[in-house]
Every structure is written in C-alpha cells, then in structure tokens.
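Heads up: the structure comes next, in structure tokens.
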C-alpha cells in the first residue's frame, strides 16, 4: 500500500463504480470490512471574496452574527434594515446599509440583489421573509437564499418559494431541548 508518508501517485487503492468509490485494499479492521464511499454530487461554488456581495436582511442578533462571520472572511456584504437608529449607527461605523423593507422590490434593487451571491433573511417577520424570498428569486434566479421562519410549516412555504436553506426556530428549539435532555438523562456518550 505504499509508505506511511502518503501516496506517491503510483498506488491504486480503489476504483469508482456507479458513483461509489470501492477501496480494493483491506484496511486491517478486525472484521475484515471493506470501505465504500458514495460520491456526492458536485456542489455549486461557495460565495467568497470574488462572488457578489451577501445581503443581510435585519441587523438583530442573527444578522450581526452573519456580519461578523463575513467580516472575518473578508466577504463583502450589505445590510438591509428598517430601524432608522440602527441604520444611522451602522453607517456611522462604516457599514454599507440600505434602509427599507426587504420584502419590497425597490429595497432589494437598492441592495443590488441582481449581483448578490447570498440573501440571508434573518428577520423574524415570516410574512416579509416569504415575500422577500419570492421577489428575490424572481430578480436573481441564481441567488442562494437562507430564510428564517418560526414554524416548520412556514419554512416549507419558504422552500417552495425558492429558499435554498430554511432555519426554523421551532425545529432549532426542539433540537436543543432534545440535546439538553439527552445529556441530562442519558449522559454525553
């Protein structure tokens, strides 16, 4: 199988058959198991410094967390916010902010949705999220949309309207309860 230092390029460890990589060499596991790995479909490129800017709808806790992450990665973004005081404060800090309602077409246009790579709908207003998802998808069919909803049923609707990912508060809370109860009652195995 070659030296422990890695592949020299001459070794052949496996083959690809019908989208599965099958390792031909035994791994020395006690039960003699072989390994098969299914190839994932190729993903669209992830947004980065060269992609269009990210639009963050809402600058509450979730929006600020997204902005922090983007700043760390050097990824350009614009915030869309309705609160005039927040808009003023963030502009004074040098952030690019569009004042307005993200569910309105003119606000999405002002935020340059046509050239954006991602729309992060972090606002708690489910109706506005649904309207923004529908309008943004129409204005930029290639846009990657992450939507926030409170209920799973509204999350399903956001996905039907074109959201690529949906963060459902109801589901996130349920998972946290499950994890905390599992830790308390079963232990952290």
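The values are calculated or read from the model by the stated rules, or taken from the named source; none is laboratory data. This structure is a prediction, so every number in the text was calculated from the model and none was measured. Every residue, glycine as well, gets a Cβ built from its backbone with ideal geometry; the counts of neighbours run over all protein chains shown.
Please state which of the following conditions residue 121 fails to meet, knowing it meets all the rest: (1) modelled with pLDDT of 95 or more; (2) over 14 Å from the mean Cα position of the chain (by Cα).
Of the numbered conditions (1) modelled with pLDDT of 95 or more; (2) over 14 Å from the mean Cα position of the chain (by Cα), the odd one out for residue 121 is (2).
Residues of the stretch 126-135 being within 15 Å of residue 113 (Cβ to Cβ) and either crowded, with 20+ Cβ neighbours inside 10 Å or not assigned by TED's automatic domain parsing to the domain that holds residue 104 (or both), which ones?
Within the stretch 126-135, 129, 132, 133, 135 qualify.
Yes or no, residue by residue, for (1) outside the structural domain of residue 137 (by TED's automatic domain parsing); (2) in contact with a helix residue (DSSP H, G or I) (Cβ under 9 Å, 6 or more places away or on another chain); (3) at pLDDT below 95; (4) not in a loop (DSSP other than H, G, I, E, B):
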| residue | (1), (2), (3), (4) |
| --- | --- |
| 49 | yes, yes, yes, no |
| 72 | no, no, yes, yes |
| 79 | no, yes, no, yes |
| 85 | no, no, no, yes |
| 89 | no, no, no, yes |
| 101 | no, yes, no, no |
| 108 | no, yes, no, yes |
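Of the residues that make up the stretch 136-144, is at least one assigned to a helix (DSSP H, G or I), in the same structural domain as residue 61 (by TED's automatic domain parsing) and either modelled with pLDDT under 95 or crowded, with 19+ Cβ neighbours inside 10 Å (or both)?
Yes, there is a match, as at least one residue in the stretch 136-144 is assigned to a helix (DSSP H, G or I), in the same structural domain as residue 61 (by TED's automatic domain parsing) and either modelled with pLDDT under 95 or crowded, with 19+ Cβ neighbours inside 10 Å (or both).
Within the set of pairs 6+ apart or on separate chains, which have a first residue in the stretch 104-123 that is free of Cβ contacts under 8 Å to residues at least 24 places away in the same chain, a second that is surrounded by 15 or more Cβ atoms within 10 Å (Cβ to Cβ) and part of a helix (DSSP H, G or I), and C-beta atoms under 6 Å apart?
No pair meets every condition.
Would you mention how many residues in the stretch 145-164 are buried (at least 23 other Cβ atoms within 10 Å of the Cβ) and part of a helix (DSSP H, G or I)?
The total comes to 2.
Just need a number here: residues in the stretch 104-116 that are more than 18 Å from residue 54 (Cβ to Cβ) and surrounded by 14 or more Cβ atoms within 10 Å (Cβ to Cβ).
Within the stretch 104-116, residues that are more than 18 Å from residue 54 (Cβ to Cβ) and surrounded by 14 or more Cβ atoms within 10 Å (Cβ to Cβ) number 2.
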